[in-house]
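Working notes, beginning with the structure itself.
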Amino acid sequence: MERFAIVLCTIACLPAVAQITTRADEIQEERRKKQASLEPDETRGIERALQQIKEYKVLERFTAGIAGFRLRLGGMATGSGFAIGPEYLRRDLADGKYTFRASTVLSTRSWYLQEVQFSAPHLLQDSAFFDLSGVHRNFGSLNYYGPGPDSQKTGRSNFRLEDTDFSATAGIRPFKNVVAAATGGYLLVNAGPGIDSRFTSAEQIYTEATAAGLTQQTNFLHAGGQLQYDYRDNPGGPRRGGNYFANFNWYLDRDLNLFSFRRLNLEAQQYFPFFHERRVIALRARSANTYASSGQRVPFYLQPVLGGSDDLRGFRPFRFYGDNLLLMNAEYRWETFSGLDAALFVDAGKVYDRRSQLNLHDLETSYGFGLRANVRNNVFLRVDVGFSREGFQVWLKFNNVF
């Protein structure tokens, strides 16, 4: 009995660590010790830079400006190179009743763009609006590959397009998310030899017969109307909803009586979110059809165009010119972390001569991937890499694709 008591006392006095008797307990204890000795993760490279941009609100401070003055990035046609300039923007005039904007942008390829705009966006208790604008563009080396869907990559040339457009728009909001507007204005056009010495100027390869308006320019009186139903949650970076748009314009040749025509643009966008709106499928379909008056032609510089950062992203800018256009885009977007989305995309489209060719045959296609940086849920910077049968293109843009 005395020996039994001694054994019980010995067992009771063993250290607590001796209670670990299974392999599972040993593994768990090793994990606990290892976790206690781990140092905090340290981000590096691009991820660290993006986190610092977010932490210090660099993009918000950059886009906000000071006393209405700020820098404007981009805004020109694809192929301009890097474009930057000053902008003055005031949305608070007369307690927010009026908006004034003026900007000048110059690109690394010596293109420039000047804009001035005065708007009254909240008339009649926000049920109507009015807008006056003037835009002057001087794009010295726009690409031209020849007319139609069968133009060749080797036919690349360049031309200068200098134009000035004065326009006025008045509209109403009869229902929620619905906008109807009428517009009118005057367009002055001058098309001339391109300034890019790497490529032949367009008039040395093509003629007035193949590119209407190449050697004969005119000015246009234009008028039209538009109807839009837009129920996107955030137009600057939508994750759900849709946007449906129809626009009809009539261009009247005021000088030569050669280039009068009408143009109908239709566009539909739809956004399907899932996983708490952290992933989005974005779809777009767009068409543009022109109707030349009897004995008239559509000048090549006002034709619908495909190729570039906003449509067929695997092709060079302004790759296909035609009287009519069909385009479809699909994107799968997901949030990598706050402020940065990634995307996979597929583009398909074509230009065609006759409206009877409006079908899904002989489509040009491109595909690729991209990144979108956003500020206050609006896309501020976009990088896309597109691939096609003619190679690949890399795009750096300061706007959303659609």
Mind checking the angle between helix 2-12 and the chain's longest principal axis? C-alpha axes, 0 to 90 degrees, to the nearest 10.
-> 20
Most positive-pole-ward Cα, F129, Q216, A348, against dipole of the range 108-397 from beta carbon charges = A348
For the Cα atoms of the chain, what angle does the longest principal axis make with the long axis of helix 45-55, in degrees from 0 to 90, nearest 10?
-> 80
Once log10 I(q)/I(0) by the Debye sum over Cα atoms at q = 0.10, 0.12, 0.13, 0.14 Å⁻¹ is worked out from the coordinates, which option in (i) -0.84, -1.13, -1.26, -1.36; (ii) -0.77, -1.11, -1.30, -1.52; (iii) -0.63, -0.91, -1.07, -1.22 does it equal?
-> (ii)
Evaluate the charge dipole of the chain about its Cα centre and quote only its size in Debye, nearest 20, assuming +1 on the Cβ of each Lys and Arg and -1 on the Cβ of each Asp and Glu.
-> 220
Calculated log₁₀ intensity ratio I(q)/I(0) where the Debye formula runs over C-alpha points of the range 247-402, q = 0.10, 0.15 Å⁻¹ | -0.42, -0.83
With 10 Å bins from 0: P(r) over the range 136-274, alpha-carbon pairs, percent | 11, 27, 28, 24, 10, 0
Return the ratio Rg/(2.2 N^0.38 Å) for the range 340-402, where Rg is computed over Cα atoms only.
-> 1.39
Which trypsin sites (Lys or Arg not before Pro) in the range 314-402 pass both tests, a DSSP loop state and at most 14 other beta-carbon atoms within 10 Å?
-> R354, R376, R389
Would you please name the chymotrypsin sites (Phe, Trp or Tyr not before Pro) within the range 292-371 that are DSSP coil residues with at most 13 other C-beta atoms within 10 Å of their C-beta?
-> none
Size of the dipole of the range 299-383 about the Cα centre, Lys and Arg at +1 and Asp and Glu at -1 on the beta carbon, nothing else charged, in debye to 20?
-> 160
Extension reserve of the T104-I195 stretch, reckoned as 0.36 nm per residue once the Cα distance is removed = 30.7 nm
How large is the helix-only mean residue ellipticity at 222 nm for the chain, computed as the sum of -39500 (n - 2.57) over DSSP H runs with n ≥ 4, divided by its residue count, in deg cm²/dmol to the nearest 500?
-> -3500 deg cm²/dmol
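Each reported figure results from applying straightforward, stated rules to the coordinates on display, with no laboratory input. Just so it is clear, the structure is predicted and the values come from calculations on it, not from any experiment. Glycine also receives a Cβ, built like all others from the backbone with ideal geometry; neighbour counts cover every protein chain displayed.
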